[in-house]
Amino acid sequence: MTTVAIAYHSGYGHTEVLAQKVAEGVRDAGQTAVLLKIDNAAQDFAPLIEEATKADAIIFGAPTYMGDVSGVFKVFADATAGAWFTGAWKDKLAAGFTNSHSFAGDKLHALNSLAILAAQHGMNWVSLGVSAPAVTAAERGPDSLNRVGAFLGLAAQSDNASPEITPPAGDRETARLLGERVAKAAVRWTAGAEAADLAKAA
């Protein structure tokens, strides 16, 4: 069984809702999900980084604040430099998700930051893999999958309301599909790596 770590920061609970749905998708694929919550910039990140290092894939999640990932997530990202020096995350799979109040909000910039973090570590990025709704923008309701039309990763939208009711069902399901996609990709990836190792040993 493969393991997918979900390393995320959530300022008001909305991004945490998505992280939980991503984890649900991983479990729906029959694999193990490990939620790694980044609470604050002053915490000891070593246990989170250690758990992420054990995983076959890491999905990064952060809210978009002022057009980029939250400052707390950035502190965590900087703390992964030790893993970078040793190549601990090299060749793992990676993916990402973000959330903000507006439909655009420069969320793509935040997703780019997550993808670049993965690239710095030599990881292999898995895109969202969910088509945007084939309807007019006016017809995209709260149940629509990938309703903002992002493809690098999940870009969700939440209103200024309780995380119990927002982000809406479509964004939550898109998050679940991302987790499922990464988990299935991780199964294939690790199986291929194991086959290659066996071939070398033969």
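The values are calculated or read from the model by the stated rules, or taken from the named source; none is laboratory data. What you see is a predicted model; the values in this text were computed from it and never measured. So basically every Cβ, Gly included, is an ideal-geometry build from the backbone, and we count neighbours across all protein chains shown. Ligands, DNA and RNA are stripped out before the accessible areas are found, and what is left, the full protein with its side chains, is counted by its heavy atoms. Shrake-Rupley method; radii C 1.70, N 1.55, O 1.52, S 1.80 Å.
Miscellaneous remarks
- Matching residues, the range 102-121, being part of a loop (DSSP other than H, G, I, E, B), open to solvent by 30 Å² or more (accessible area, probe 1.4 Å) and either within 20 Å of residue 90 (Cβ to Cβ) or among the hydroxyl-bearing types (Ser, Thr, Tyr) (or both): 102
- Every pair of residues 6+ apart whose Cβ atoms lie under 6 Å, when the first sits in the range 2-20 and is under 9 Å from residue 57 (Cα atoms) and part of a loop (DSSP other than H, G, I, E, B) while the second is open to solvent by 10 Å² or more (accessible area, probe 1.4 Å) and of a type outside the set (D, E, K, R): 2/31; 2/187; 2/190
- Members of the range 166-188 found to be within 17 Å of residue 10 (Cα to Cα) and hydroxyl-bearing (Ser, Thr, Tyr), listed by number: 166
- Restricting the range 68-83 to residues that are in contact (Cβ under 8 Å) with a residue 40 or more places away in the chain and open to solvent by 10 Å² or more (accessible area, probe 1.4 Å), the residue that is farthest from residue 112 (Cα to Cα): 72
- Residue in the range 154-173 that is closer than 23 Å to residue 30 by Cβ and either polar (S, T, N, Q) or in a helix (DSSP H, G or I) (or both) present: yes
- Top-ranked residue of the range 50-64 - restricted to ones that are part of a helix (DSSP H, G or I) and in contact with a strand residue (DSSP E or B) (Cβ under 7 Å, 6 or more places away or on another chain), ranked as least open to solvent (accessible area, probe 1.4 Å): 52
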